[in-house]
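Taking it in order: structure first as structure tokens, then the write-up.
Readers should treat all values here as calculations from the given coordinates under stated rules, not as data from a laboratory. None of the values given here were measured: they were computed from a predicted structure. Note that we place each Cβ from the backbone using ideal geometry, even for glycine, and neighbour counts take in every protein chain shown.
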Amino acid sequence: MRPPARVCRGRWAAWLAWAGLFLSGPLLLPAGAGVAATLIVDAQTSDGHALAGAAVTVRPLDGQGHRPTPVQAVMDQVNRAFVPDLLVIPVGSTVSFPNTDSVSHQIYSFSPAKRFQLPLYRGKPYPPVHFEQTGVVTLGCNIHDEMLAYLVVTDAAWYGRTTAAGTWSTELPHGHYRVALWHPRLRESEAELERELTVGETDRAELTLRLSKPLQPAPLTDRPHSWDY
């Protein structure tokens, strides 16, 4: 396993910073939601380092939540890699898979949440793929085994990814919530990392999620990914 103290660099760090802003779930509160507070989630590895690129979901436990609005996302293929290599999207969203690479690719998923295949292509020959079920979708290429990506399809009212510093934040009403964490290299189950949190009459709430087990070895080691350390 690579030293855990290393965080994503270069284009991955830039992507994480952008994704933390763009894919942070709905920031508009539903009508009648009341005063909002800022929730800050700090994800850490078992030895206390920042856990970058993890998917965070937040669900209300007192019935005040709202279903997230589907989006139209894009996952490109560049230099024999998916860009970005992990997306968090609301259920019902569509994802386009253009291939701007210099070679052809054949994208597929055998995941129960979405099974599909886009036969060998370049450019934009196929319509966006619709993701109607929640769950983690693992993507690969039948031509290039080193290509790997994930889609986290969620029905959570608030969602996003941690930054290179391991943090993620959102605005939500005061209330009682369940916060969950997912990362491609977790040894823990999602249930083991769920936490309940009450956001009281303050303007800020913080939650630290620290792994109890070391990360699994990277599934691929010949190129960097946004979840590498």
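Entry for the range 31-187 at q = 0.18 Å⁻¹: log10 I(q)/I(0) = -1.10, Debye formula applied to identical alpha-carbon scatterers, no solvent contribution. Rounded to the nearest whole Hz, the Karplus-based 3J(HN,Hα) values (6.51 cos²θ - 1.76 cosθ + 1.60, θ = phi - 60°) of the range 86-95 follow the sequence 8, 10, 10, 9, x, 4, x, 6, 10, 10, with x at glycine and proline. Full extension of the segment from Arg187 to Asp62, taken as 0.36 nm per residue of separation minus the current Cα-Cα distance, would add 42.0 nm.
Find how many whole Å separate the alpha carbon centroid of the range 79-110 from the alpha carbon centroid of the range 51-73. So the two Cα centres are separated by 21 Å.
Judged by the mean number of other Cβ atoms found within 10 Å, the most tightly packed of the peptides 205-213, 173-181 leads the ranking 173-181, 205-213.
Under the criterion of Cα pairs below 8 Å and six or more residues apart, the relative contact order for the range 159-229 equals 29 percent.
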